[in-house]
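First comes the structure, then the notes that go with it.
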Ligand code: FES
Ligand SMILES: [Fe+2]
């Protein structure tokens with residue numbers, strides 16, 4: 001599967017975003033994750049459950065059934081499965097002799113997100129969930145806002161490539177202020193313990209966007225120092241900051257750092273060639289400002305929608321394209337290539353284990 005040499009390009013041993021927490025209720029919902037239909041619901045005490053989503057009897061999606069206590073009941077012939085997957089009832093029989101367990105998956109609810117582990121259960125470690133303190137999620141002094149979702153008719157790697165390269169800004173996101181300046185700013189990269197970080201540090205004229213985000217109290221004329229950061233935590237999660245103003249050379253009375261607004265990206269393969277794209281933001285200024293929340297959500301949906309359109313168009317003829325022509329890479333592709341190498345190493349490790 002392009003761009004990797006393996007049949008499957010999905011890294012299994014990761015915590016992927018399965019849903020926003022408020023999507024999972026006492027009504028069962030189905031979502032295909034990593035190529036498998038999964039049913040999710042909440043137990044009576046509110047704990048979320050994730051189970052393989054097709055009934056083993058005649059394969060009706062379990063989400064078409066209903067939740068009873070902590071169990072789920074199939075909507076076709078009434079087989080009942082406990083929250084640990086055990087088939088506990090077959091209504092047409094008094095005695096069920098054979099034991100059967102429907103696969104269940106670890107589902108970890110942390111703040112506004114439910115993470116799922118569908119890989120090797122022996123490797124399942126909650127410490128591998130992306131580090132919330134790094135991007136202000138569920139942290140004191142930070143707001144969570146503008147959650148949104150897109151379904152992509154394209155493989156997850158196309159979205160990862162897109163997020164790792166901001167030189168598409170002037171061409172895809174025509175409406176963004178200062179986009180040309182952004183595309184040419186030199187970047188530096190850093191291998192951190194939890195992420196691969198790309199930083200762009202530059203100067204930009206104070207513009208309408210800064211005014212809108214940071215408010216009139218930061219009124220200013222002249223150049224602002226700013227940094228834009230992208231972090232790759234794994235194929236399942238990335239962040240890109242909005243320009244973080246780190247200094248106003250002519251103004252000593254304005255705090256050096258005006259605030260951070262992080263745009264976060266949950267990337268969950270639905271199948272080998274389709275993707276769930278979960279977006280949301282965090283910020284540490286203008287907390288609780290609903291007008292800014294709304295502005296940010298609208299801006300975010302517009303930008304993500306533009307990226308999704310591009311990815312869908314690439315996927316449409318991707319198999320043909322890679323058969324006919326070699327990919328032409330340039331300097332700006334360095335971060336994306338570095339990230340692909342990291343993903344490739346994960347795939348190599350998982351495939352080697354399968355061969356053992
Ligand atoms: S298909 Fe589920 S009980 Fe028959
Ligand atoms: Fe984009």
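With respect to the conditions (1) away from ligand 2 (no atom under 16 Å from the Cβ); (2) touching a helix residue (DSSP H, G or I) at 6+ places or on another chain (Cβ under 7 Å); (3) closer than 18 Å to residue 337 by Cβ, residue 198 lacks only one, and its number is (1). Looking across region 33-59 at every residue that is near ligand 1 (Cβ under 9 Å from one of its atoms) and in a loop (DSSP other than H, G, I, E, B), the one that is surrounded by the fewest Cβ atoms within 10 Å (Cβ to Cβ) is identified as 58. Restricted to region 151-177, and to residues there that are part of a loop (DSSP other than H, G, I, E, B) and at pLDDT 95 or above, the residue that is surrounded by the fewest Cβ atoms within 10 Å (Cβ to Cβ) is 153. Would you confirm, using the coordinates I've provided, whether residue 109 is touching a residue at least 60 places away in the same chain (Cβ under 8 Å) and in contact with a helix residue (DSSP H, G or I) (Cβ under 6 Å, 6 or more places away or on another chain)? In short, yes.
Of the helices (runs of 4 or more DSSP H) lying entirely inside region 256-356, those containing at least 3 residues that are touching a residue at least 12 places away in the same chain (Cβ under 8 Å) and either out of contact with any helix residue (DSSP H, G or I) (no Cβ under 9 Å at 6 or more places or on another chain) or within 30 Å of residue 224 (Cβ to Cβ) (or both) are 290-316, 334-355. Applying the criterion of being at pLDDT below 95 and surrounded by fewer than 13 Cβ atoms within 10 Å (Cβ to Cβ) to the residues of region 329-348, the residue that is farthest from residue 7 (Cα to Cα) is 331.
Within region 80-112, the residues that satisfy the criterion of being surrounded by 15 or more Cβ atoms within 10 Å (Cβ to Cβ) and out of contact with any strand residue (DSSP E or B) (no Cβ under 6 Å at 6 or more places or on another chain) are 90, 110.
The values are calculated or read from the model by the stated rules, or taken from the named source; none is laboratory data. On a predicted model such as this, the values are computed, not experimentally measured, just so you know. Backbone-built Cβ (ideal geometry, glycine too); neighbour counts: all protein chains shown.
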